[in-house]
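The values are calculated or read from the model by the stated rules, or taken from the named source; none is laboratory data. Fair warning: this is a prediction, and the values are worked out from it, not measured in the lab. Here the Cβ positions follow ideal geometry from the backbone for every residue, glycine too, while neighbour counts run over all protein chains shown. All accessible areas refer to the heavy atoms of the entire protein, side chains included, with ligands and DNA or RNA removed. Shrake-Rupley method; radii C 1.70, N 1.55, O 1.52, S 1.80 Å.
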Amino acid sequence: MSRKICITGASRGIGRAIAKAFAREGWELYLICRENLKALESAAESWRQEFGTDAACFAVDVSDAAMYEAFLKELPVMDVLVNNAGISYVGLLQDMELADWHRVIDTNLTSVFLSCKYLLPGMLSRGSGRIINISSVWGEHGASMEAAYSASKGAVNALTKALAKETAAGNVQINAIACGLIDTSMNAHLSESEIQSLVAEIPADRIGRPEEVAALCLQFVSAPEYLTGQIITLDGGWTV
C-alpha cells in the first residue's frame, strides 16, 4: 500500500517544496490550499508525470473551522501530516483589528488543533504516524510588528511538546521545525535592503531555501521513533 501524506498550505513556498519532495519519494499526496487550486493541480500533474505519484488537491480554508472539519472527516488514515498553512500580519498590535487577530490564530494554530484532532485517531488506532508542524523562530524569540504571528507559533511549539507526550505511547511522533528566514512570499513585504540587513545577522550568510525545510521533513519521517516532542530550529545559526 502507498504511504499517504496530508500537507496544508501546499500550493506555494515551503508547502509546495515539501509536496514535491514527498512526490519524488513516491508518496500518495493529499494537498490542501486556500485559493490557488489551479496552480496546485498543475504542479501535482507535473509530479505525476515526472515521478508517477498520485496526488489529490483540495481548496479548503483551514481557518474556517466548519469547512475544515467537514473536509478532515472524509480523509483516509494518513501516515504523515504536515501542518504548514500559515499567514502573518505585519503592523503594530494596537492597530490590529480583532478580525485580523482571529484570522492569524485560526489559520496558524486552530487549524493545527483540528488536523490533529481528526487525523490522530487513525494513526493511533494503527499504531504509527508522524506529525510535523511548521513553526518559526519567532515562536520562541518574538518578532516586532508580528506579535500575532509570534504568539501563534509559540502556541504551536507548546502544542507540539504537549501533544507528543499524549501520543508517544501510541507510536505517533510529533515534532516541529522552527524556520528562520526562508525564501518565501511571506517575506515579500521586506525590501532588498531589509533582507540584506537580516542576512548580515545570519552566520550561514544567506536566506534558507524551502527545499531545505522539505529535506528536514523527510528526515523526520525516517528518524528513530524515540524522536518526538522536539522543536528543531532551521535558521543557519541565526538565533543560536
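Residue-wise test of (1) touching a residue at least 24 places away in the same chain (Cβ under 8 Å); (2) under 20 Å from the mean Cα position of the chain (by Cα); (3) closer than 24 Å to Trp27 by Cβ.
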| position | (1), (2), (3) |
| --- | --- |
| Ser191 | no, no, no |
| Gly208 | yes, yes, yes |
| Ala215 | yes, yes, yes |
| Tyr226 | no, no, yes |
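Once the range 177-199 is narrowed to residues that are buried (at least 17 other Cβ atoms within 10 Å of the Cβ) and among the aliphatic types (A, V, I, L, M), the residue that is modelled with the lowest pLDDT is Met186.
Restricting to the range 160-187, give me the number of residues that are of a type in the set (A, V, I, L, M) and over 26 Å from Gly237 (Cβ atoms). Adding up the residues that qualify gives 5. So Ile202 passes all but one of these: (1) surrounded by 17 or more Cβ atoms within 10 Å (Cβ to Cβ); (2) assigned to a helix (DSSP H, G or I); (3) at pLDDT 95 or above. Which condition number does it fail? Here Ile202 clears every test but (2). Scanning the range 1-53 for residues being in contact (Cβ under 8 Å) with a residue 40 or more places away in the chain, under 22 Å from Ser135 (Cα atoms) and among the polar types (S, T, N, Q) gives a total of 1.
Would you point out which residue out of Ile174, Ile232 is part of a strand (DSSP E or B) and surrounded by fewer than 17 Cβ atoms within 10 Å (Cβ to Cβ)? Just one listed residue meets the conditions, Ile232. One residue stands out among those in the range 126-147 that are farther than 21 Å from Ala214 by Cβ and in contact (Cβ under 8 Å) with a residue 60 or more places away in the chain: the one that is most open to solvent (accessible area, probe 1.4 Å), which is Glu140. Of all the listed residues (Ile132, Ile174), the sole one being within 20 Å of Arg12 (Cβ to Cβ), aliphatic (A, V, I, L, M) and modelled with pLDDT of 95 or more is Ile132. The single condition from (1) of a type in the set (Asp, Glu); (2) closer than 30 Å to Ile5 by Cα; (3) surrounded by fewer than 16 Cβ atoms within 10 Å (Cβ to Cβ) that Glu212 fails is (3). Filtering the range 6-56 to residues that are open to solvent by 60 Å² or more (accessible area, probe 1.4 Å) and over 14 Å from Ser185 (Cβ atoms) leaves Lys20, Arg24, Glu25, Lys38, Glu41, Ser42, Glu45, Arg48, Gln49, Glu50, Gly52, Asp54.
Residue-by-condition table, conditions (1) aliphatic (A, V, I, L, M); (2) closer than 16 Å to Cys116 by Cα:
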{"residue": "Ser42", "(1), (2)": "no, no"}
{"residue": "Trp47", "(1), (2)": "no, no"}
{"residue": "Glu50", "(1), (2)": "no, no"}
{"residue": "Ala59", "(1), (2)": "yes, no"}
{"residue": "Tyr68", "(1), (2)": "no, yes"}
{"residue": "Phe71", "(1), (2)": "no, yes"}
